[in-house]
Amino acid sequence: MKTYQVGGSVRDKLLGLPSMDRDYVVVGGTPEQMTSAGFVAVGKDFPVFLHPETREEYALARTERKSGRGYSGFTFHTSPEVTLEEDLRRRDLTVNAMALAVDGDVVDSAANIIDPFGGQKDLQSKTLRHVSDAFAEDPLRVLRLARFAARFHEFSVAPETMALCKQLVAEGEIAHLVAERVWQELSRGLMEAMPSRMFDVLRECGALAVLAPEIDRLWGVPQKAKWHPEIDTGIHVMQAIDYAANKRWPLATRFAVLTHDLGKGTTPQEILPAHHAHELRSVELVRALSERWRVQRDVAELARGVAAEHGNLGKLAEMKPSTVHDVLMRCDAIRRPERFEQMLDACEADKSSRRAVGLPESAGEPFVARADAMQALAAMQSVDAGAIAKRCVTDGKPERIHEAVREARIEAIRAGR
C-alpha cells in the first residue's frame, strides 16, 4: 500500500495557508488490509477509514461514474489496481488534484508534489480550472467552483470551465440539485472572504437564475441615486454582503444582508426607481427562498426581520417615540437583544457599504442609527414592567398592564432623547 496526502491541504500548503483538515488516499490497498492495520471503517458509499491515532480520514483510491441526474446516482469502484492518477482525475479542480507521498507519518516536501493535471501552474496563474470531463458528472461542482471563487477571489475561472458550467445549466442539471446540498454550498460560500465572487460566477453561467431567481433579477433594477449612489440593486446587495464578510459577521447576518432587498426585484416598472412597500414583498420572498433551500430556522427568522424593518431601523431619529417603541417591539428587541444587534449589523451593511460604481474609494454613510436604536432599547429596558403590573393589579385594573407598560416605555424613549 502507498499513502498520499491529497486535495485542499496540498493546495493550501503551496499557498502558505493554514489547513484545518487533511485528506489521504491509499493506493494498492484493500479494506481488509486497512482494518488489520487498526483503521476504523466509516464510509457508507465507498471505503473510508479513520486513522487509529489521529482520527484523520483515509480513503481507498477509487473511480466513480454517474448513473442519475443532479447530485445522485453515483457508482464507485475501488480496487488495488486503481492508480493515484485515476483517483485524482475524478476531482473537481486542478488546484485540488495534487498529492504528496507520505512515508510513515512524514509528508514529503513540496518539491515532491505529484501534479498530473497542472495544478501548480494554475495556482501561479490564479486560475480555477476543471480537471477532466468528470466535472460534468456532478453539477454540484458548479456551486463548489463558485464557492472557491469567493475564497480565492483573485482567481479567475478558466473559459473552458465556464463553458462547461453553462452547458450543465442548459442541460437542466442544476435544477435537479437537492435543496440541502445547494444551501450547504451557498452558505459556505457566504462565509468566504468575498461572497460576491460566488454570485458573479453563478450569474455568468446562468445557475443563479435557476437556483434563486429572487436574487438574480435584482441586477438591472434601479434605485434612487440620492440613497444609492451605486444605482443598481444587484450591485448594492453584493457590496453589502462583502461588507458583512469584511466584518466577519456570522452566517445569519450575511444571509439577512443578501436577502434584505428581494422585494425590489418585483417593483412595478412604472414606479421605478422608487420601491414603495418593497419590505413587505421582501419578507414573503425571503420566506419562500428559505423554505426552498431548507435554511435553518434562526437564520431564516433573522432574514425576515431585517427584510421587514431595515428601512425603519435606519431612521428612528425621525420617528415619534411611540413609533420607535413599536418598531423595537416588532424586532423583539427587549427579549432578544443579541439578535437585535445582529439586525443592526445587517442594517449597517445596507447603509455603510453604499459606494458609487467606479469609485471604490468612496465611503458609504456612517450608520449613526445604531446609536439611536441602542439608546431607545436602553430606555425601554429601564422601565420596571413588573412594578407597573403589580401596581395595576393593586389598583384593580389588570387589564391596563399592557398599555401602562407601553406608555412608560414610550415616555422613557422621549425622556432619553
Selection status of Ala146, in contact (Cβ under 8 Å) with a residue 60 or more places away in the chain and in contact with an Asp or Glu (Cβ under 9 Å, 6 or more places away or on another chain): yes
Residue satisfying all of: in the range 294-336; in contact with a helix residue (DSSP H, G or I) (Cβ under 6 Å, 6 or more places away or on another chain) and polar (S, T, N, Q); surrounded by the fewest Cβ atoms within 10 Å (Cβ to Cβ) among these: Ser322
Against the definition (aromatic (Phe, Trp, Tyr) and more than 17 Å from Trp293 (Cα to Cα)), how does Phe199 come out, yes or no? no
Only one of (1) buried (at least 19 other Cβ atoms within 10 Å of the Cβ); (2) touching a residue at least 60 places away in the same chain (Cβ under 8 Å); (3) in a helix (DSSP H, G or I) does not apply to Arg181, and that is (1)
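Could you list all residues from the range 117-163 that are of a type in the set (Phe, Trp, Tyr) and assigned to a helix (DSSP H, G or I)?
Across the range 117-163, the qualifying residues are Phe135, Phe148.
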Assess whether Val357 counts as being exposed (fewer than 14 other Cβ atoms within 10 Å of the Cβ), touching a residue at least 12 places away in the same chain (Cβ under 8 Å), under 25 Å from the mean Cα position of the chain (by Cα) and closer than 24 Å to Ile231 by Cβ. yes
Could you check how many residues of the range 10-30 are crowded, with 16+ Cβ neighbours inside 10 Å, more than 30 Å from Gln124 (Cβ to Cβ) and touching a Leu at 6+ places or on another chain (Cβ under 8 Å)? 1
Between a residue in the range 22-44 that is on the phi > 0 side of the Ramachandran plot and any residue that is modelled with pLDDT under 90, which pairs come within a Cβ distance under 7 Å, given they are 6 or more apart or on different chains? Gly28/Met1; Gly28/Pro80
Give the residue, chosen from Val95, Val25, Val82, that is part of a loop (DSSP other than H, G, I, E, B) and modelled with pLDDT of 90 or more. Val82
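The values are calculated or read from the model by the stated rules, or taken from the named source; none is laboratory data. In this text the structure is predicted, and so the values were computed from the model without any measurement. Don't worry about glycine lacking a Cβ; one is built from the backbone with ideal geometry, like all the others, and counts go over all protein chains shown.
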